[in-house]
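Asker: Next up is a structure, given as structure tokens.
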Amino acid sequence: MVVIGAGQAGLSSAYYLQYYGIDDYVMLDSADGAGGAWRHRWPSLRLGKVNGIYPLPGFPPVDADADLPASEVVSEYYASYERHYGLHVIRPVEVTSVDYGPEDIGAGERLVVSAGPDRWAARAVINATGTWTRPFWPYYPGMASFEGRQLHTADFRDVEEFRGKKMIVVGAGSSATGLLLELSDVADVTWITRRKPVLRDDEWSENVGREAVAKVDERVRAGLPPLSVVSATGLWAPPDVRAKLESLPWRPIFHELTPRGVRWRDGTELEVDAILWATGFRAALDHLAPLGLRAPGGGIVMDGTRVVAEPRLHLAGYGPSASTVGANRAGRQAAREIRALLNSSELVAS
């Protein structure tokens with residue numbers, strides 16, 4: 001058994017593999033330390049500003065000073081989890097491919113996970129590589145001509161870099177709103193999105209969450225690329241946060257970039273010093289390309305966490321499970337199904 005990735009979905013998967021008595025697994029992680037994507041969050045993101053950190057299975061919630069950097073606190077939380085449960089994490093290991101393998105290691109009988117010259121032959125694989133390593137940059141005419149600074153959420157480090165600057169933030173997700181709130185204290189910021197953002201301050205309910213997850217699940221079962229849960233629900237914001245966001249200047253998406261800023265189709269221009277693309281991420285699945293899993297719709301046809309075209313492969317933290325709560329559930333579901341698979345008569349016979 002191989003688990004690829006040691007973020008929340010990967011750690012949850014390893015926990016449940018052990019819970020179900022599957023100890024002969026390895027977890028391969030590309031980072032040089034624990035924390036998953038949290039290791040790379042910008043230092044000014046304090047724990048108290050994070051929109052909830054769901055505890056890992058079988059472990060108490062994060063308990064630390066709200067003024068500490070979230071990246072440090074959560075990374076140590078993950079490290080403590082690995083130590084407590086003795087999870088088999090090997091790092092840093094950059095997985096380059098998952099394939100059916102050559103004849104010398106039983107072609108077709110195992111999935112072969114490769115990382116440079118190293119290979120692991122696995123009866124089943126849980127892929128939990130998340131999205132952080134695949135920042136999405138949309139294309140607009142003139143992007144190469146802009147003389148100011150362009151960066152993605154994944155590159156952001158410190159609001160002080162933008163003090164006194166005029167800038168735009170493009171995006172409508174939770175990272176965009178969090179960065180807007182920080183940047184608006186030090187810079188002249190305009191918020192730009194495709195559609196007017198839907199800000200909600202009503203009470204979150206389990207029904208709303210289930211409906212949002214169901215919409216994403218419907219897409220991946222049809223082999224379409226998953227959309228974010230936020231796109232299905234809108235953004236939740238407490239009244240004070242909502243008031244601050246609504247006070248910021250907002251514009252619909254522009255048509256093109258110019259050397260000094262952006263331009264709309266009506267000829268209106270806005271000069272800025274920097275553009276922050278808070279435009280989200282895509283699933284990091286390039287290493288699975290040799291398996292030929294993509295459907296005509298561009299996604300991977302899923303049944304829960306299981307890949308329909310290759311039942312020995314599970315994607316945890318993909319589509320409807322791409323959230324902290326969903327990642328825990330995905331780990332449990334993947335481990336339970338793999339236990340059944342490993343105990344099946346066909347696999348025993350092989």
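Asker: Looking at L291, L248, which one is aliphatic (A, V, I, L, M) and crowded, with 18+ Cβ neighbours inside 10 Å?
Answerer: Testing whether each residue is aliphatic (A, V, I, L, M) and crowded, with 18+ Cβ neighbours inside 10 Å leaves just L291.
Asker: While we're here: Return the residues of region 17-42 that are more than 14 Å from A154 (Cβ to Cβ), surrounded by 18 or more Cβ atoms within 10 Å (Cβ to Cβ) and of a type in the set (D, E, K, R); say none if nothing qualifies.
Answerer: Passing the criteria: only D29.
Asker: Please indicate, with yes or no, whether at least one residue in region 120-130 is of a type in the set (S, T, Y), surrounded by fewer than 20 Cβ atoms within 10 Å (Cβ to Cβ) and touching a residue at least 12 places away in the same chain (Cβ under 8 Å). Before the answer, list the steps.
Answerer: Step one: filter region 120-130 for residues of a type in the set (S, T, Y), giving 129.
With the extra rule that they be surrounded by fewer than 20 Cβ atoms within 10 Å (Cβ to Cβ), the set shrinks to none.
Looking through region 120-130, none of the residues is of a type in the set (S, T, Y), surrounded by fewer than 20 Cβ atoms within 10 Å (Cβ to Cβ) and touching a residue at least 12 places away in the same chain (Cβ under 8 Å).
Asker: If you don't mind, another one. Please work out which one of (1) within 29 Å of S184 (Cα to Cα); (2) out of contact with any helix residue (DSSP H, G or I) (no Cβ under 9 Å at 6 or more places or on another chain); (3) at pLDDT below 90 is the condition T324 fails and give its number.
Answerer: Here T324 clears every test but (2).
Asker: Could you name every one of the strands (runs of 3 or more DSSP E) located completely within region 222-316 that has at least 1 residues being in contact with a Lys or Arg (Cβ under 6 Å, 6 or more places away or on another chain) and under 19 Å from S184 (Cα atoms)? Working first, answer last.
Answerer: Values: elements: 250-252, 256-258, 261-263, 269-271, 274-277, 310-315.
Counting at least 1 such residues, we get 269-271, 274-277.
Asker: Still on this structure: Identify, by number, the condition in (1) without any contact (Cβ under 8 Å) to a residue 60 or more places away in the chain; (2) charged (D, E, K, R); (3) out of contact with any Leu (no Cβ under 7 Å at 6 or more places or on another chain) that R200 doesn't meet.
Answerer: (3)
Asker: For the list (1) modelled with pLDDT under 90; (2) assigned by TED's automatic domain parsing to the domain that holds S13; (3) not basic (K, R), I need the number of the one condition that P226 fails.
Answerer: Condition (2) is where P226 drops out.
Asker: Output yes when any residue across region 169-177 is of a type outside the set (K, R), in a loop (DSSP other than H, G, I, E, B), in contact with a helix residue (DSSP H, G or I) (Cβ under 6 Å, 6 or more places away or on another chain) and surrounded by 15 or more Cβ atoms within 10 Å (Cβ to Cβ), and no when none is. Explain how you work it out, then say what you get.
Answerer: We begin by selecting, within region 169-177, every residue of a type outside the set (K, R); these are 169-177.
From the residues that got through so far, the ones that are in a loop (DSSP other than H, G, I, E, B) too are 171-173.
Now restrict to residues that are in contact with a helix residue (DSSP H, G or I) (Cβ under 6 Å, 6 or more places away or on another chain): 173.
Right, trim to surrounded by 15 or more Cβ atoms within 10 Å (Cβ to Cβ) and you get 173.
Yes, region 169-177 contains a residue that is of a type outside the set (K, R), in a loop (DSSP other than H, G, I, E, B), in contact with a helix residue (DSSP H, G or I) (Cβ under 6 Å, 6 or more places away or on another chain) and surrounded by 15 or more Cβ atoms within 10 Å (Cβ to Cβ).
Asker: If you don't mind, there's one more thing I want to ask. So is D188 within 23 Å of the chain's Cα centre (by Cα), free of Cβ contacts under 8 Å to residues at least 40 places away in the same chain and surrounded by fewer than 20 Cβ atoms within 10 Å (Cβ to Cβ) or not? Steps first, please.
Answerer: Numbers: within 23 Å of the chain's Cα centre (by Cα): no; free of Cβ contacts under 8 Å to residues at least 40 places away in the same chain: yes; surrounded by fewer than 20 Cβ atoms within 10 Å (Cβ to Cβ): yes.
Taking the combined requirement at face value, the residue does not satisfy it.
Asker: Right, here's the next one. Being under 18 Å from the mean Cα position of the chain (by Cα) and not in a helix (DSSP H, G or I) is the filter; apply it to region 44-79 and report the residue that is surrounded by the most Cβ atoms within 10 Å (Cβ to Cβ).
Answerer: By that ranking, first place goes to L56.
The values are calculated or read from the model by the stated rules, or taken from the named source; none is laboratory data. The shown structure was predicted, so the numbers you read here are calculated from the model rather than taken from an experiment. For neighbour counting, all protein chains shown are included, and Cβ atoms are generated from backbone atoms with ideal geometry for every residue, glycine included.
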